[in-house]
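J.: Could you have a look at this structure, given as structure tokens, before my questions?
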């Protein structure tokens with residue numbers, strides 16, 4: 001028996017109205033949960049980046065991290081230095097996107113303290129760590145820019161998606177399976193970043209990409225997760241929850257898409273080279289350390 005067209009239209013209108021109501025409810029919940037002090041912390045970062053960029057160019061160059069002549073002050077300051085407006089604009093836009101989505105996931109996923117602690121660590125400690133580890137690759141060059149810290153925020157996103165999913169969709173889910181996502185993302189990064197051969201796809205990138213996918217599957221299986229069944233159930237649950245599911249989808253797309261920006265196939269530019277090494281360090285360290293703290297329950301209320 002076929003329903004009359006008017007009934008089908010009524011159901012479609014009702015579903016669309018329910019979706020809009022769910023979106024509005026989520027926005028109201030987010031706005032009610034936002035704290036002014038959090039916004040000040042988040043907005044302080046682009047303000048500092050703009051203030052540093054307003055300095056004379058010779059001063060900014062003196063703050064860059066010289067690998068052949070490193071100093072402690074420049075190890076920190078270099079990550080807030082940009083020498084041209086395009087580089088600055090790209091990093092500010094990336095920060096706003098990553099920090100904004102991350103903060104929304106954290107607030108609605110009951111992980112505000114976790115996010116703010118990680119953010120403070122990235123802003124205050126990671127510059128020293130990333131600069132120090134950069135010295136493992138000797139070269140006569142200078143390093144500068146906020147992209148390493150942006151990649152740290154990208155590395156944190158899978159964890160924020162996990163806490164958000166546990167809070168909103170699957171309260172009994174364990175975060176201990178998240179390294180499977182990390183391994184898969186490392187494989188994806190390898191496919192993006194490792195050089196292409198002159199005749200096709202380079203074997204190194206393909207091999208590491210396949211290895212990452214296999215490690216992800218093996219880790220998930222060892223954690224007792226049926227990957228296909230869990231993925232189907234998760235997608236069904238997310239699709240059935242307008243608003244909440246939409247935010248999760250935005251975060252998931254960002255997790256997959258941002259490495260395309262952070263790990264270009266051709267890292268060379270006009271007079272500069274994208275530091276893929278520091279990007280990888282930022283991404284990996286930002287996942288491994290915070291995950292270890294989550295796994296031992298350091299942020300459980």
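Readers should treat all values here as calculations from the given coordinates under stated rules, not as data from a laboratory. Not measured: the values here are computed from a predicted model.
J.: I need the Kirkwood Rh of the chain: take the reciprocal of the average 1/r across all distinct C-alpha pairs and report it in angstrom.
T.: Details: mean 1/r = 0.0474 Å⁻¹.
For the chain, inverting the mean 1/r across all distinct Cα pairs yields 21.1 Å.
J.: Can you compute the helix-only [θ] at 222 nm over the chain? Use -39500 (n - 2.57) per DSSP H run of at least 4 residues, normalise by all residues, nearest 500 deg cm²/dmol.
T.: On the way: 13 runs with 215 residues, N = 301.
Per the formula, -24000 deg cm²/dmol.
J.: Same structure again: Subtract the Cα-Cα distance of residue 256 and residue 298 from 0.36 nm times their separation in residues, and report this length gain in nm to one decimal.
T.: On the way: separation 42, 0.36 × 42 = 15.12 nm, distance 2.72 nm.
So the chain would gain 12.4 nm between residue 256 and residue 298.
J.: Using a 10 angstrom cutoff on alpha carbons, build the Gaussian network for the chain and name the most mobile of 282, 86, 262.
T.: Comparing 282, 86, 262 in the GNM, the peak value goes to 86.
J.: Follow-up. Would you calculate the convex hull of the Cα atoms in the stretch 215-257 and tell me its volume per residue in Å³? Present the calculation step by step, with values, prior to reporting the outcome.
T.: On the way: hull volume 3.3 nm³, N = 43.
In the stretch 215-257, the Cα hull volume divided by residue count equals 77 Å³.
J.: Still on this model: Pick from 43, 161, 119: which residue has the top mean-square fluctuation in a GNM of the chain where Cα pairs under 10 Å get a spring?
T.: So, out of 43, 161, 119, the one fluctuating most is 43.
J.: Now, a different point. Relative to 2.2 N^0.38 Å, what does the C-alpha radius of gyration of the stretch 121-236 come to as a ratio? Two decimals please. Mind showing how you got there, number by number?
T.: Details: Rg = 17.7 Å, N = 116, 2.2 N^0.38 = 13.4 Å.
In units of the globular-protein estimate, the stretch 121-236 measures up at 1.32.
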